[in-house]
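Every number in this text was worked out from the coordinates using simple rules, so none of it is lab data. This structure is a prediction, so every number in the text was calculated from the model and none was measured. All Cβ positions, glycine included, derive from the backbone under ideal geometry; neighbour counts span all protein chains shown.
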Amino acid sequence: MTCLACRWCTPDAGWRGRVRPKETTMALELLTSPTPNGWKVTIMLEELREAGFDVGDVTVTTIEIQKGEQFSPEFTRVSPNQKIPGLVDGDTRLFESCAILQYLGEKYPSPLFPADHTARWTILPWLYWQAAGVGPIFGNKLSYTRYMGDVDEAAKAHPLERFGNEALRLAGVLDRQLEGQDYLCGDDLTIADIATFPWLRGYKWSKVDITPNENVMAWIDRVRARPGVERGLAYGVPKEEIDSWSKERREAYERRGASIASNENLLRDR
Ligand SMILES: N[C@@H](CCC(=O)N[C@@H](CS)C(=O)NCC(=O)O)C(=O)O
């Protein structure tokens, strides 16, 4: 089974069980997969560590979405929508990646989600913009591009055009927002950047040619260069494959039906 939403999963990445045990007694439990929506939370945890917080002993459980583990009663109790990520913090159970970012941002006040009312209400519309627009649109474009080999080309033509055009439009919106500033909401990385980055970073995988958007391309490099982001992306992925899969992994994806080998021309080969 492949992920019905983003299908980026790397179940064989060797990422299992507990990671990064720390000395405090508080235990967050993260139920996730190495996908764009999953990486939002692991990046957040690592950026909080960069900001000086001890987020404690985080238990990371991989939910193998290709195997359907998201439909188990245990996971459904945390994430009634049956999609990763889910987070358990004591009696609090959370689902929806952006809600989890907001929760962690409130729990650990920092420039990632400042307490100031005006700053928060600068960030939140962009967080919702990602949740309602960027994620679903790039995710759908990805699915039609990569995983629907058994669907008639004529039937795919309209969704490919619709989601492709909308993804480009959203990239343009982001490009305008980034004009003259380093991050989506100003000089500092916030939860809005953390939510948006994993999807834009994967533009080749979604085959959306965002490269003419110079502000976006510079922002991707800027965010990617942060040590917290580097560590967040490394959850579930071998370090040497954070930015480029090995030949073996590409072949494994292809065997599972994904069309991997044609990133060279984003526009020609949708
Ligand atoms: N809006 C949700 C989307 C979550 C989502 O689509 N997760 C995917 C992986 S990236 C998933 O769990 N897919 C499993 C399925 O569709 O069955 C969020 O932001 O948390």
* Short version: ³J(HN,Hα) in whole Hz for each residue of segment 183-198, in order, from phi by Karplus 6.51 cos²θ - 1.76 cosθ + 1.60 (θ = phi - 60°), x for Gly and Pro, what are they? -> 10, 4, 10, x, 7, 10, 5, 10, 5, 5, 5, 4, 5, 8, 4, x
* **Tail fraction, Cα-Cα pairs, segment 123-248, threshold 23 Å, whole percent** => 35 percent
* Among residues other than THR92 whose Cβ falls under 11 Å from its Cβ, what is the net charge (Lys/Arg +1, Asp/Glu -1)? -> -1
* Run down the aspartates and glutamates and flag those whose C-alpha is under 15 Å from the C-alpha of LYS247, throwing out any fewer than 8 positions away in its chain. => ASP12
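With a ≥ b ≥ c the root eigenvalues of the C-alpha gyration tensor of segment 160-228, is it rounded (a/c under 1.5), prolate (a/b larger than b/c) or oblate?
prolate
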* To do: Report the full-extension gain for the segment SER246 to GLU230: residue separation times 0.36 nm, less the Cα-Cα distance, to one decimal in nm.
  => 4.0 nm
* Asked: What is the Cα centroid distance between segment 108-173 and segment 196-259, reported in whole angstrom?
  -> 15 Å
* Could you work out, for segment 104-179, what percent of all Cα-Cα pairs fall into each 5 Å distance bin, beginning at 0 Å and stopping at the bin that holds the largest distance? => 3, 14, 18, 17, 14, 12, 9, 7, 5, 3, 0
* Asked: With θ set to phi - 60° and the Karplus curve 6.51 cos²θ - 1.76 cosθ + 1.60, what are the ³J(HN,Hα) couplings of segment 213-223 in order, to the nearest whole Hz, using x for Gly and Pro?
  -> 7, 5, 5, 5, 5, 5, 5, 4, 5, 5, 5
* Structure fact -> Total charge of the residues flanking ILE194 in space, meaning their Cβ is under 11 Å from its Cβ, with Lys and Arg +1 and Asp and Glu -1, is -1
* Taking the simple approach of a point 7 Å from Cα along Cα-to-Cβ for both ASP188 and ARG222, what is their distance in nm? -> 1.5 nm
* **Computed over segment 22-147, Cα set: Rg, Dmax in Å** => 15.2, 45
